[in-house]
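Accompanying notes for the structure given below.
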Amino acid sequence: MKAVSVKSSFLFLITLLIFCNVPSVKAFESDFIVSVQDTINFQEFKGTIFDATTNDELVFATIAIENTNISTITNAEGGFILKVPISMLGKNLTVSFLGYQKKIIPINTLSVEDNEISLYPVSITLSQVDLSAPKDALSLVRSMLNKSGVNYLTSPVKMTAFYRETIKKRNRDASLSEAVAYIYKQPNSNGKRDIVDLFKSRKHTNYSRLDTVALKLQGGPFTPLYVDVMKYPEYIFTQELIKHYDFKFDASTTINSKSVYVVNFKQKENVIDPLFYGKLFIDAENHALVSAIFNLNVEDREKVSELLVRRKPSRTDVYPTEASYRVDYRIKNGKWYYGYANVQLTFVVNKKGKWFNSKYHVKSEMAITDWQENEGERTVKNKDRMKPSIIIVDEASGFSDPEFWGAYNVIEPEKSIESAINKIQRQIDRNKS
């Protein structure tokens, strides 16, 4: 079989990391202003979502206030935190997860802490999905891409997003960034790129833990934003690239009582350049992408390093051992929209002359917590627009303020992140004394 070399346009999606000897890059200063959302009275609820049959925590489950756009997701431990405006305490919560029955819960029945919510799994077979079934998996994926303009929001919207970025050296925290950003999301059909306006952020980096190599994630909220494969298909499934993948059906599933096809994909064996492999979850009725979970093929260290590493010090070898991506979409009034995405990268750094290498884990995630139609297409001045090449500046003072996020919804910190925040707070307090 003849080997095929693929020249693709997806490089920007994954050319996100920068290695350098500079301990600090001050690329952006946040404007701390008072927003209408800061003045909203709210009640905070915490809890855990888990499988009713196995008691396993459900990661990335969606918790939303019914008939609104306010929502959040569960973290890697199945935990969530949701801030509900006082005026909405009489409404219901909807809890949903791919492959499980949706649950509706009156908010006024919840306790403030330790809510345990169980969901029951649902399984269906491909034969049960009898809605103009496509002749093969590739035809379904092509239909999914062709219907991008009609299956998703068709008007510009302003989204409120929570962003978190962590860097660990081995298993020890080295950097933590969090931000609330406004995403001026453009319809998939108009070709305009999304605009990011960073509203409020905080960041702390322990440079001593990074040795002499300062690892910085370039792009901030753009990193998970560009995982929106329906808005930016050129990074993974161009008309040229799609023919270099094999697509096969897997067992079907459901989301919110809707049947969902599952398609496995991977690069053809004769393709020598690194592409992606993973799963696509596609709505059986209208062929909209509901979720995508995929990885970059990192078998060829040299080629993948060329893609992922923007810059590195001399006499240093850097190669990735993992590059995984996820994007989830939500539905409102029959239209799907970008709801959550994450990127997880693992790198090994070998410095010549040193006996041992260092392993770094980088995670970047963003959840849409609210949105509204952007009437009149209100936009952002050029000076306030975040650039895709941005590196969020260190700004640790926000970690000492327990009310820093106000009424904005955030992803519940996992225990390791919560521990890191507490350590930062203690360090700030010691510096003040």
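The values are calculated or read from the model by the stated rules, or taken from the named source; none is laboratory data. Please read all numbers here as calculations on a predicted model, not as lab measurements. Cβ: placed from backbone, ideal geometry, glycine included. Neighbour counts: every protein chain shown. The accessibility values were calculated without ligands, DNA or RNA, using every heavy atom of the protein model including side chains. Shrake-Rupley method; radii C 1.70, N 1.55, O 1.52, S 1.80 Å.
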### Message
Pull out all pairs, ordered by first then second residue, where Cβ-Cβ is under 9 Å, the residues are six or more apart or on different chains, the first lies in segment 39-63 and is closer than 14 Å to LEU110 by Cβ and at pLDDT 95 or above, and the second is crowded, with 17+ Cβ neighbours inside 10 Å and of a type in the set (Phe, Trp, Tyr).
### Response
PHE45/PHE80; LYS46/PHE80; GLY47/PHE80; THR48/PHE80; ILE49/PHE80; ILE49/PHE97; ILE63/PHE45; ILE63/PHE80
### Query
What pairs come up if the first residue lies in segment 391-405 and is over 16 Å from GLU44 (Cβ atoms), the second is aliphatic (A, V, I, L, M) and part of a loop (DSSP other than H, G, I, E, B), and their beta carbons are under 6 Å apart, counting only those six or more places apart or on different chains?
ILE391/VAL25; ILE391/ALA27
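Among what's in segment 390-433 and is β-branched (Val, Ile, Thr) and part of a helix (DSSP H, G or I), pick the residue that is surrounded by the most Cβ atoms within 10 Å (Cβ to Cβ).
By that ranking, first place goes to ILE424.
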### Task
Please indicate, with yes or no, whether at least one residue in segment 353-365 is at pLDDT 80 or above, of a type outside the set (Ser, Thr, Tyr) and within 19 Å of ARG193 (Cβ to Cβ).
no
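Output the number of residues of segment 133-155 satisfying the condition of being open to solvent by 20 Å² or more (accessible area, probe 1.4 Å) and either assigned to a strand (DSSP E or B) or more than 15 Å from GLY339 (Cα to Cα) (or both).
Step one: list which residues in segment 133-155 are open to solvent by 20 Å² or more (accessible area, probe 1.4 Å), which gives 133-136, 138-139, 142-143, 145-147, 149-150, 153-155.
Now restrict to residues that are either assigned to a strand (DSSP E or B) or more than 15 Å from GLY339 (Cα to Cα) (or both): 133-136, 138-139, 142-143, 145-147, 149-150, 154-155.
Summing the residues that are open to solvent by 20 Å² or more (accessible area, probe 1.4 Å) and either assigned to a strand (DSSP E or B) or more than 15 Å from GLY339 (Cα to Cα) (or both) in segment 133-155 gives 15.
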### Query
What are the pairs, 6+ residues apart or on separate chains, where a residue within segment 177-189 that is touching a residue at least 12 places away in the same chain (Cβ under 8 Å) and in a loop (DSSP other than H, G, I, E, B) has its Cβ under 8 Å from a residue that is surrounded by fewer than 22 Cβ atoms within 10 Å (Cβ to Cβ) and of a type in the set (Gly, Ala, Ser)?
PRO187/GLY149; PRO187/SER155; ASN188/SER148; ASN188/GLY149; SER189/SER148; SER189/GLY149
### Query
Is there a residue being modelled with pLDDT of 85 or more, under 30 Å from PRO134 (Cα atoms), surrounded by 20 or more Cβ atoms within 10 Å (Cβ to Cβ) and of a type in the set (Ser, Thr, Tyr) anywhere in segment 318-325?
yes
### Query
Does segment 87-107 include one or more residues that are open to solvent by 50 Å² or more (accessible area, probe 1.4 Å), over 16 Å from ILE331 (Cα atoms), modelled with pLDDT under 95 and assigned to a strand (DSSP E or B)?
no
### Query
Is it true that some residue in segment 205-225 is among the hydrophobic types (A, V, I, L, M, F, W, C), under 16 Å from the mean Cα position of the chain (by Cα), under 30 Å from ILE421 (Cα atoms) and modelled with pLDDT under 85?
yes
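Looking only at segment 326-339, how many residues end up being within 13 Å of GLY278 (Cβ to Cβ) and open to solvent by less than 20 Å² (accessible area, probe 1.4 Å)?
Of the residues in segment 326-339, 1 are within 13 Å of GLY278 (Cβ to Cβ) and open to solvent by less than 20 Å² (accessible area, probe 1.4 Å).
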